[in-house]
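The values are calculated or read from the model by the stated rules, or taken from the named source; none is laboratory data. This one's a predicted model, so the numbers in the text were calculated from it and none came from an experiment. Here the Cβ positions follow ideal geometry from the backbone for every residue, glycine too, while neighbour counts run over all protein chains shown.
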Ligand code: SF4
């Protein structure tokens, strides 16, 4: 990406940014970068604010390097890029809600995370008290018969997270879905401000509970990058092992749940049993079923005992036998395939445009996996397949997840083989007295999580930004449902399984 | 599919007590819950779950209650799709302000008599999210709570034990 290279050579470098460079650019360079991204030369990994400036992390397709560009907003505004690159839209709306910074020229001025219930506006930058009665929200209208609208949520029928879906339907066919999210916004970015690292790590691990390992890892990576901490090798492998266990547990559970949404409960039952075994193994190995708070900046907080290792090996061998059976059961059940094949097609162009990560992107031909590139330890030393597909339907997403489960099983096996004895933790260095920044991209089961932290002179967090993969997947669900029947929505939604909490933060 | 069905017929059910400590604990809790629910409820209690801002960790463990190991429904406890069908509301999360009204309306839509179980540390006192501008900080700030089940998240055994306590002492 030329604009990124130019920015990096001409822009003002921020010295303390690691491992990727951050440069302050002007208005023109900012828009040039967005334009090049919109032409497909790079991915917009995230767009966020620290209250004063707005930052954009970019993955350059040519060099596969990541760079962060920053635009200063002394007047409280910056140029909107959403008209060129629609994925920027929701980020821009969220920045306005929290920090009051205006994306000039944005076509959508509706609030996104702020529902008018907080009792304050722009809580991140000199909060202004306001009534908490709730703002009205202008959904896109369904114009003319025979279109009608179906409002769903925020409370849904199942045990799932809250969000609102507004369907415009023509009879049974969905013509348009409009999402309204933000119901589970907890103000995590503000809670991070001035948090000691230990508390910040616990918060990061609770952004999206199903990805607690991936989030804790992403946060730990940012801190370790910022403070230049070397993590002991045993800890690196144990972390990866936990991350792969988490991936397996989620994929297996979700495959069962998808089949259940297609009324095939047999698969759900068997997947539920395997998932439970994975969680129990996690508890035996690391003391917590979801492995919360086991990864900390500097290393890990739990060791794998010989007993844990035996349990883990038993699980690997059992899962290794079961997964092929599940795959056969899934593939041979034609009534199930009837529901999943061709349903919820996500066009590859859209997956690419949004830089859509995880199995959703991979099932639509975008073969990106943060474990490979930009890559992080220990994955470079293992060869592992990443799931791939091009059909882009519910079925393809299921197959990609099966492939990933198999790959993760093999990975864990290899990691156990190479697990050395040794320390688990490198103590964080005492506060350096400088402001330092770190960033990371970690592959959770749902896709790549982008994390960024600024650590202040006292050693506490000054600002932290955590971008869930769902930010770039939720908008695509709106596209994938088009032309499907309303009754298939639960199935499609489950096949995406975006995180509400991770998105709303 | 045939294989799976045959296997299902031949294998011992997973819910049978087994020697491991884990399964023994389930069996014990299960007996107590079955007993209480038979005595007090004639084995029918409908539960509606409301996520009031959880990180979704608590939901994962609530889901686990339905797997073959815990099999909540055998006690006559069912998770239902509408508050209108529910006796118990099971609420997770620190009650985000954006969810407050939805929670209150769900509570209002639940017919009397009704009970509220707040699940997880967040639902108890906001957990790690306490003090945020966006959270009320506890379920009891929004609606009356009959029972708290602590934990982050509480594991399925803790959830089952909580239900025993509810059925035994409150209902
Ligand atoms: S109690 Fe823990 S697991 Fe449950 S919602 Fe809160 S943070 Fe998540």
_Those residues of segment B:137-171 which are near the ligand (Cβ under 10 Å from one of its atoms) and either over 21 Å from residue A:202 (Cβ atoms) or surrounded by fewer than 21 Cβ atoms within 10 Å (Cβ to Cβ) (or both), in sequence order_ = B:150, B:151
*Just give me the residues in segment A:127-142 being touching a residue at least 12 places away in the same chain (Cβ under 8 Å) and away from chain B (no Cβ under 11 Å), in sequence order.*
A:130, A:131, A:137, A:138, A:139, A:140, A:142
_Test: residue A:328 is over 30 Å from residue A:418 (Cβ atoms) and within 14 Å of another protein chain (Cβ to nearest Cβ)_ = yes
*Within segment B:70-82, is even one residue within 16 Å of the ligand (Cβ to nearest atom) and within 29 Å of residue A:254 (Cβ to Cβ)?*
no
*Mind checking which residues of segment A:345-368 are out of contact with any helix residue (DSSP H, G or I) (no Cβ under 7 Å at 6 or more places or on another chain) and either part of a helix (DSSP H, G or I) or closer than 18 Å to residue A:236 by Cβ (or both)?*
A:348, A:349, A:352, A:353
*So residue A:448 fits all but one of (1) under 19 Å from residue A:207 (Cα atoms); (2) more than 17 Å from the chain's Cα centre (by Cα); what number is the exception?*
(2)
*Within segment B:81-95, can you find the residues that are surrounded by fewer than 19 Cβ atoms within 10 Å (Cβ to Cβ) and within 9 Å of chain A (Cβ to nearest Cβ)?*
B:81, B:82
_residue A:416 being surrounded by fewer than 24 Cβ atoms within 10 Å (Cβ to Cβ), touching a residue at least 40 places away in the same chain (Cβ under 8 Å) and in contact with a helix residue (DSSP H, G or I) (Cβ under 6 Å, 6 or more places away or on another chain)_ = no
*Out of A:441, A:411, report the one residue that is assigned to a strand (DSSP E or B) and crowded, with 20+ Cβ neighbours inside 10 Å.*
A:441
*Which of the residues belonging to segment B:87-133 are within 14 Å of the ligand (Cβ to nearest atom) and part of a strand (DSSP E or B)?*
B:90, B:91, B:92, B:96, B:117, B:118, B:119
*Find the residue count for segment B:42-63, including only residues that are within 16 Å of the ligand (Cβ to nearest atom) and part of a loop (DSSP other than H, G, I, E, B).*
5
*residue A:149 is checked against (1) at negative phi; (2) modelled with pLDDT under 95; (3) within 10 Å of chain B (Cβ to nearest Cβ) and fails just one. What number does that condition carry?*
(3)
_Any hit, segment A:203-226, residues being on the phi > 0 side of the Ramachandran plot and outside any helix (DSSP H, G or I)_ = no
*Select, from A:200, A:243, A:257, A:194, the only residue that is more than 14 Å from chain B (Cβ to nearest Cβ) and touching a residue at least 40 places away in the same chain (Cβ under 8 Å).*
A:243
_Looking at (1) within 14 Å of chain A (Cβ to nearest Cβ); (2) touching a strand residue (DSSP E or B) at 6+ places or on another chain (Cβ under 6 Å), which one does residue B:149 not meet, given that it meets all the others?_
(1)
_Report every pair of residues separated by at least 6 positions or lying on different chains whose Cβ atoms are under 7 Å apart, first residue within segment A:95-107 and within 12 Å of residue A:127 (Cα to Cα), second at pLDDT 95 or above and assigned to a helix (DSSP H, G or I)._
A:98/A:189
*Can you work out which of the residues in segment A:331-344 that are away from every other protein chain (no Cβ under 12 Å) and assigned to a helix (DSSP H, G or I) is nearest to the chain's Cα centre (by Cα)?*
A:340
*Of all residues in segment A:339-352, count the ones that are surrounded by fewer than 24 Cβ atoms within 10 Å (Cβ to Cβ) and either within 18 Å of residue A:482 (Cα to Cα) or modelled with pLDDT under 95 (or both).*
9
*Which of (1) more than 10 Å from chain B (Cβ to nearest Cβ); (2) assigned to a helix (DSSP H, G or I) is the odd one out, the single condition residue A:178 does not satisfy?*
(2)
_Only one of B:27, B:34, B:68, B:18 that is facing chain A (nearest Cβ under 8 Å) and either assigned to a loop (DSSP other than H, G, I, E, B) or at pLDDT 70 or above (or both)_ = B:68
*asked:* Restricting to segment A:266-278, and then to whatever is over 18 Å from residue A:320 (Cβ atoms) and facing chain B (nearest Cβ under 7 Å), can you tell me which residue is surrounded by the most Cβ atoms within 10 Å (Cβ to Cβ)?
replied: A:272
*Return yes or no: is residue A:434 outside any helix (DSSP H, G or I), under 28 Å from residue A:236 (Cβ atoms) and either assigned by TED's automatic domain parsing to the domain that holds residue A:253 or under 20 Å from the mean Cα position of the chain (by Cα) (or both)?*
yes
*Out of curiosity, is residue B:66 within 16 Å of the ligand (Cβ to nearest atom), in contact with a helix residue (DSSP H, G or I) (Cβ under 7 Å, 6 or more places away or on another chain) and free of Cβ contacts under 8 Å to residues at least 24 places away in the same chain?*
no
_Matching entry among A:58, A:37, A:68 (being assigned to a helix (DSSP H, G or I) and under 20 Å from the mean Cα position of the chain (by Cα))_ = A:37
*Kindly indicate which of B:102, B:130, B:134, B:109 is in contact with a strand residue (DSSP E or B) (Cβ under 8 Å, 6 or more places away or on another chain), within 25 Å of residue A:115 (Cα to Cα), within 11 Å of chain A (Cβ to nearest Cβ) and surrounded by fewer than 22 Cβ atoms within 10 Å (Cβ to Cβ).*
B:102
